[in-house]
Amino acid sequence: MIRTFLVLAVIAMSMATGCHRQQAAPSGSAAESSYKIYKLRGKVVSINAATGEVTINHEAIPGFMEAMTMPYKLKDPNILSELHPGDVLAADLLVSQESDADVVLDHIVVVAQGKPDYKPATIYHVPAQGDAVPDFKLRNQDGRIIHLHQFRGKNLLITFIYTRCPLPNFCPLVTRNFASIDKQLSADPKLKGKTHLLCVSFDPEHDTPERLKAYGEEYIGSSSKFAFANWDFAVPEPAVLKEMAKFFDVGMTTEQDQTITHTLSTTLVGRDGKVVKFYPGNEWTADQVVVDVKQSLGA
């Protein structure tokens with residue numbers, strides 16, 4: 001999904017490959033060490049949604065191939081819908097050095113747009129410091145309706161997950177980070193009770209209150225009646241979810257096998273209901289967020 005300035009690489013670098021086993025293309029220096037990277041520049045000729053390929057008429061790629069027109073797979077298939085015939089783009093061409101000989105495009109940047117009047121179907125908002133957060137309504141793990149504005153007077157730390165997420169470095173990692181944050185804040189008398197945590201599911205079909213409660217108890221490590229005193233797991237209605245996703249910059253697509261490919265989004269909201277800090281991806285740490293919480297509270 002194109003956020004601003006048509007820079008498609010933002011998604012790729014923000015872990016937009018999401019929770020989907022088939023998207024095991026390289027990410028990070030360790031994985032990319034098995035790939036050789038070449039620079040590609042060319043014009044989009046056609047898009048094939050059925051095969052997930054984009055055909056590009058590209059310039060010669062030094063050390064790899066002469067100028068030609070050929071189809072390429074994308075590291076992040078979601079970007080396919082954001083490309084159009086006539087677009088001029090630059091990208092990294094990742095060529096596997098393993099026996100699979102896999103070749104994919106990554107870090108795509110549209111240099112010139114083939115459709116100047118094109119507007120994406122959904123405009124996403126990237127949370128910035130000082131942005132007022134709308135009063136979204138959700139249903140929590142107890143089946144109770146909650147509103148974001150009810151947490152005014154406290155910090156509110158919001159992230160997005162779904163309980164069926166199969167990749168340990170996505171939803172499970174984020175939820176473990178929240179568990180660590182919860183423990184650190186609860187252990188500090190100056191911070192205890194001053195920040196509420198909220199994990200928002202973007203899977204309303206499967207994440208019922210019962211499922212969210214069981215999932216939450218697993219990470220909180222308790223099933224007592226006070227277990228969710230400072231931490232809610234909740235899911236909005238589909239229409240509300242759509243608006244939340246746009247406001248908090250959460251891209252998501254349900255695949256044929258019912259897994260959900262998605263971006264990661266975590267936001268610290270201040271006591272006044274305005275954004276303090278936005279954490280895209282999964283590279284932030286619990287300790288980093290706790291420091292930010294302390295600063296926002298003046299502790």
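The values are calculated or read from the model by the stated rules, or taken from the named source; none is laboratory data. Worth saying up front: this structure is predicted, and the values here are computed from it rather than measured. All Cβ positions, glycine included, derive from the backbone under ideal geometry; neighbour counts span all protein chains shown. For accessibility, only protein heavy atoms count, side chains too; no ligands or nucleic acids. Shrake-Rupley method; radii C 1.70, N 1.55, O 1.52, S 1.80 Å.
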For region 112-186, state which trypsin sites (Lys or Arg not before Pro) are in a DSSP loop and have at most 15 other beta carbons lying within 10 Å of their beta carbon.
ARG144, ARG152
HN-Hα J couplings of region 211-216 from phi, Karplus 6.51/-1.76/1.60, θ = phi - 60°, integer Hz, Gly and Pro as x?
5, 5, 5, 5, 5, x
Hey, what do the phi angles of region 276-293 turn into as Karplus ³J(HN,Hα) couplings, whole Hz, using 6.51/-1.76/1.60 and θ = phi - 60°, x for Gly and Pro?
9, 7, 10, 10, x, x, 10, 8, 6, 10, 4, 4, 4, 5, 4, 4, 5, 4
What accessible area per residue, rounded to a whole number of Å², is obtained for region 207-271 using a probe radius of 1.4 Å?
44
Å² of accessible area per residue within region 28-177, as computed with a 1.4 Å probe and no ligands counted
49
What percentage of the solvent-accessible surface of the chain, computed with a 1.4 Å probe over protein heavy atoms, is contributed by carbon and sulfur atoms?
53
With axes computed from alpha carbons, what is the tilt in degrees of helix 171-187 against the longest principal axis of the chain, rounded to the nearest 10 within 0 to 90?
30
Total charge of the residues flanking HIS196 in space, meaning their Cβ is under 11 Å from its Cβ, with Lys and Arg +1 and Asp and Glu -1, is +2
So how far, in whole Å, is the C-alpha centre of region 202-249 from the one of region 39-115?
38
Kirkwood calc, the chain, C-alpha pairs only, radius in angstrom 20.6
Would you pull out the residues with amide H under 5 Å of LEU157's amide H, same chain only if 5 or more places away, H placed 1.01 Å from N?
HIS196, LEU197, LEU198, VAL269
What is the sum of charges around LEU212, taking Lys and Arg as +1, Asp and Glu as -1, for the other residues whose C-beta is under 15 Å from the C-beta of LEU212?
-4
Report, in degrees rounded to the nearest 10, the 0 to 90 angle that the Cα long axis of helix 238-247 makes with the longest principal axis of the chain.
70
Can you give me the solvent accessible area of THR122 with a 1.4 Å probe, rounded to the nearest 10 Å²?
40
When the distances between all Cα atoms of region 180-299 are binned every 10 Å from zero, what whole-number percent does each bin get?
11, 39, 38, 11, 1
Just by accessible area at a 1.4 angstrom probe, what is the order of ILE145, ILE56, ILE220 from largest to smallest?
ILE145, ILE220, ILE56
